[in-house]
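Let me begin by presenting the structure, written as structure tokens, before commenting on it.
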Amino acid sequence: MKNDFPEKILIIRLTSIGDILLSIPLILELRSRNPDVQIDFLVAKKYQQILDPIHSQINTKYCFDKNKKESREIRRIREIIRGKDYEWILDIHNSLRTKRLLFPINNKKIYRVNKFTIRRFLFVKFGFNAYPEVPVHQKYLNTAPIELPPTRSWYLDDYQNSSRQEQLLQEIPFLEKDNFNLVIFPGAKHRTKRWPLEKYLELIEWILQKTEWNIILSGDASDKQLLNSKFKESERIKNVCGEHDLIGTINLVALSDGVLSNDSGPMHIGAFLHKPQLAIFGNTVQEFGFTPLNNRAMIIENNSVDCRPCSHIGYEECPRGHFKCMKTISVQEVFQSTLKLEKMYN
């Protein structure tokens, strides 16, 4: 080892888009300490594309296939890990599955992220907030057994792919025009993290009527029909929900001028591309550490709703049935904040 720094490191983060993006500072900081260090990464196969733009910083990427029989896949990954003799294994996922993957490897080599699980439970269940306001990317940096202070900005221009962008410009010609181009992601994995779709629809009407902006709607395929039922595509609006893979979505954001989303994976894509952005938080709160890593980001949330946070992830339905955390955020409030994105861009 050079100066007590390891020669071989394995980082484990299986899912999801935002969390894997937030692991990038850890990768870059480790690489900056020793350009010759071997950094391998274990990720779920579904999310492996997220790491493609920084492939030069990773020696080997291993994929856990959740579609295969789990016990067999765990045995396969275990054999890989055992054969590599890693000096550090940084488990920044720290789940039951990752513990199974690492059993019975010598615990002296394993460093797990501190999720502050008990404090988070007390915050969510009883409103007792002793949860440390540490950004998630910093928690990942803190997992390493040496100090890795955040010494840089991690805006990833390398995510831009010229051939994909040429395709997008042919598909959405107004992206080349001077008008402000706003990409909107109305979805999120869990329903309690989604600002109601009817409010998004009303907001889009306001934007089309009161500005000269162009709008791109992106996200899950399930949103496409609902959005098309209200808005027919025109010279100023394009619905591409469900039409692009992750790299296509990243390049769509790269070509756009601003991003509007919920607390979701696309929020972090906008942050890492340093786009002016507005994120709407519902049942989750900024204290959990998922605030966009971007000095051009704004957050809208209703801090007067006393049952927030009800979860650090989300639910399919509001546990109390009223969904005030999102329903009380008005279209006018979001519209006025959205207008600031153009000023931030200029």
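Here the label points at LYS115 and ASP85, each 7 Å from Cα along the C-beta direction, are separated by 3.3 nm in the simple model. One decimal place: the segment LYS45-GLN160 gains 39.3 nm when fully extended, by the rule 0.36 nm per residue minus the C-alpha distance. In this structure, PHE103 and LEU339 have a Cβ-Cβ separation that, at R0 = 51 Å, corresponds to a calculated FRET efficiency of about 0.45.
Only Lys, Arg, Asp and Glu carry charge here, each on its Cβ (+1 for the first two, -1 for the last two); on that basis the stretch 164-345 has a dipole of about 380 debye about its Cα centre. Longer than 24 Å from Cα to Cα, which of LYS177/LYS340; LYS69/LYS139; LYS61/LYS238; LYS189/LYS327 are they? Say none if no pair is. Too far apart for the 24 Å limit: LYS69/LYS139; LYS61/LYS238. The long axis of helix 331-345 is offset from the longest Cα principal axis of the chain by roughly 70 degrees. Close amide H pairs (under 5 Å, H built 1.01 Å from N) link LEU217 with ILE184, LYS238, ASN239, VAL240, residues at least 5 positions away or on another chain. Considering helices alone, the calculated mean residue ellipticity of the chain at 222 nm is -10500 deg cm²/dmol, with DSSP H runs of length four and up weighted by -39500 (n - 2.57) and normalised per residue. Axis of helix 117-126 versus longest Cα principal axis of the chain: the two differ by about 40°, to the nearest ten degrees. Remark: the LEU96-GLU7 segment gains 29.3 nm on full extension, using 0.36 nm per residue and subtracting the alpha carbon distance.
Mind pulling the angle between the C-alpha long axis of helix 197-210 and the longest principal axis of the chain? Nearest 10 degrees, somewhere in 0 to 90. Rounded to the nearest ten degrees, it is 60.
With a Förster radius of 30 Å applied to the C-beta separation of GLU287 and GLU316, the computed FRET efficiency comes to 0.85.
With the charge dipole of the stretch 1-70 set up from +1 on Lys and Arg Cβ and -1 on Asp and Glu Cβ about the Cα centre, the Cα lying farthest toward the positive end among the listed residues GLN57, TYR47, GLY18 is that of TYR47. Within straight-line reach of LYS275, meaning a Cα separation under 16 Å, sit the following aspartates and glutamates at least 8 residues removed in sequence or on another chain: ASP157, ASP158, ASP257, ASP263, GLU342. When each of the peptides 286-299, 69-82 is scored by how many other beta carbons lie within 10 Å of its residues on average, the order from highest to lowest is 286-299, 69-82. Taking Cα centre as origin and charging only the Cβ of basic (Lys, Arg, +1) and acidic (Asp, Glu, -1) residues, the dipole magnitude of the chain rounds to 1560 debye.
What the Cβ-Cβ distance of LEU122 and ASN67 gives, at R0 = 41 Å and to the nearest 0.05, is a FRET efficiency of 0.65.
Read-outs throughout are calculated quantities, based only on the coordinates presented, and are distinct from any laboratory measurement. None of the values given here were measured: they were computed from a predicted structure. Ideal geometry is used to build each Cβ from the backbone, glycine not excepted, and the neighbour counts take in all protein chains shown.
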